[in-house]
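One structure is given here, and the rest of the page talks about it.
The values are calculated or read from the model by the stated rules, or taken from the named source; none is laboratory data. Small disclaimer: the values here were computed from a predicted structure and weren't measured. Please note: Cβ atoms are built from the backbone with ideal geometry, for glycine as well, and neighbour counts cover all protein chains shown.
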Amino acid sequence: MIALTSATGKLGSAVLDAILEHSLADRKELIVCTTDPTNERFNALHKKNITPRYHNFDEPESLERAYTGCTKLFLVSTPRIEMDYNDAPLWKGREAHHRAAIDAAVKVGVKHIYYTSLAFGNPSKAGVMRAHIRTEQYLRNLAEQGKVEYTIIREGLYNESWPLYFGYYWTLRKDERKVIYVAGDGPISWTAISDMAFATAKIVTAPSEEWIGKTLYLSQSKTCTLDDIARVVSRLKAADVSIKTVSRKEFEDHYVNEMGMERASVEWWSSTYDALKDGECQIKDSTLEDILTKAGKTPKPMEGTIEEMMG
């Protein structure tokens, strides 16, 4: 059986949908882990012979119950990013949640853990990667001790997340800024969630031996910079929108003082631009495109996602 976490999150729910849509696993072999097993979505799944189980990273005993009887665990990283703020020391950041899940899985006999990391370098200058790298190393250590097998899936930067990188541009057409402050730019191998989810679903449901011990990236090869995104946004709004590259300190002060954002959050995020400048997110791994090609699919272009989101 396969335990699937974060089944209501963007990636987790998309992976579950891909498994079901393409009949990649027997539904009776799927355990959907959630903090809210009474959710209407899970009521519908239960009627289709898919079992939901309560799962809370802050309650280790719930993790053990959720994973009992499973041979595989698909572990999506916790969304509690605030745990990483202020340079959280080891086992105080998000990796604490990941370790709790991994330890619970090992304790109840899970044989193979698939962990969703991010498509940055290793080592990385991005603070967002700190918890991921710590988790990856913990899995490798356990594997060396013969306690569990692992596959680390470094998921590409979501097409759909471009507003975050583009100066918190969440209001899209309603955003009236003409100049967007960023702390750096570089080529990014953006990847649509649907493409990533399909490839991830294929990996998780394949025989374990195909992916054991591997660290792989799921990103398309074509890249797009933030400056490229500015040109697309300008075309769609019929107005000039450009980026202005500033120092991290100026970036942080701008978004805290001018837009009222939480300083700890902005400071944690600003290091991402150092990684972009270093080309960490220009991915040269054909795994995603190989999987899509075999299925007769092609990666969704970034420009199409921006057009859809901008309406």
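Would you point out the residue of the range 229-239, among those that are assigned to a helix (DSSP H, G or I) and without any contact (Cβ under 8 Å) to a residue 24 or more places away in the chain, that is farthest from K174 (Cα to Cα)? Among those that are assigned to a helix (DSSP H, G or I) and without any contact (Cβ under 8 Å) to a residue 24 or more places away in the chain, it is R231. Take G311 and decide whether it is farther than 29 Å from T151 by Cβ, modelled with pLDDT under 95, among the small types (G, A, S) and surrounded by fewer than 17 Cβ atoms within 10 Å (Cβ to Cβ). Judged against the criteria, G311 is a match. Residues in the range 52-88 that are part of a helix (DSSP H, G or I) and basic (K, R): R65 alone. Suppose we keep only residues that are buried (at least 20 other Cβ atoms within 10 Å of the Cβ) and not aromatic (F, W, Y) within the range 204-223. Which one would you say is farthest from S286 (Cα to Cα)? If we take residues in the range 204-223 being buried (at least 20 other Cβ atoms within 10 Å of the Cβ) and not aromatic (F, W, Y), then T205 is farthest from S286 (Cα to Cα).
Does any residue of the range 88-99 turn out to be modelled with pLDDT of 95 or more, of a type in the set (F, W, Y) and under 30 Å from A126 (Cα atoms)? Looking through the range 88-99, at least one residue is modelled with pLDDT of 95 or more, of a type in the set (F, W, Y) and under 30 Å from A126 (Cα atoms). Only one of the listed residues (R177, R173) is in contact (Cβ under 8 Å) with a residue 24 or more places away in the chain, of a type outside the set (V, I, T), under 19 Å from T305 (Cβ atoms) and not in a strand (DSSP E or B). That residue is R173. Scanning the range 141-167 for residues that are farther than 13 Å from L218 by Cβ, among the aliphatic types (A, V, I, L, M) and part of a loop (DSSP other than H, G, I, E, B) turns up just one, V148. When the range 14-51 is filtered for residues that are in a loop (DSSP other than H, G, I, E, B), surrounded by fewer than 13 Cβ atoms within 10 Å (Cβ to Cβ) and either touching a residue at least 60 places away in the same chain (Cβ under 8 Å) or among the polar types (S, T, N, Q) (or both), the ones remaining, listed by number, are S23, T38, N49. When E267 is tested against (1) farther than 15 Å from F166 by Cα; (2) free of Cβ contacts under 8 Å to residues at least 12 places away in the same chain, exactly one condition is not met: (2).
Within this structure, L226 fails the test of being within 25 Å of T8 (Cα to Cα), among the aliphatic types (A, V, I, L, M) and in contact (Cβ under 8 Å) with a residue 60 or more places away in the chain. Among the candidates A96, A105, the residue that is part of a helix (DSSP H, G or I) and either of a type in the set (S, T, N, Q) or touching a Phe, Trp or Tyr at 6+ places or on another chain (Cβ under 7 Å) (or both) is uniquely A105. Among the conditions (1) buried (at least 24 other Cβ atoms within 10 Å of the Cβ); (2) in contact with a Phe, Trp or Tyr (Cβ under 8 Å, 6 or more places away or on another chain); (3) farther than 19 Å from I212 by Cβ, the only one that V76 does not satisfy is (2). The set of residues from the range 122-164 being under 30 Å from I243 (Cα atoms), among the aliphatic types (A, V, I, L, M) and in contact with a helix residue (DSSP H, G or I) (Cβ under 7 Å, 6 or more places away or on another chain) comprises A126, V128, A131. The residue list A66, A105, A143, A101 contains one member that is surrounded by fewer than 17 Cβ atoms within 10 Å (Cβ to Cβ), of a type in the set (A, V, I, L, M), touching a strand residue (DSSP E or B) at 6+ places or on another chain (Cβ under 7 Å) and farther than 30 Å from P301 by Cα, which is A143.
The single condition among (1) surrounded by fewer than 21 Cβ atoms within 10 Å (Cβ to Cβ); (2) more than 20 Å from N122 (Cβ to Cβ); (3) not aliphatic (A, V, I, L, M) that P187 does not meet is (2).
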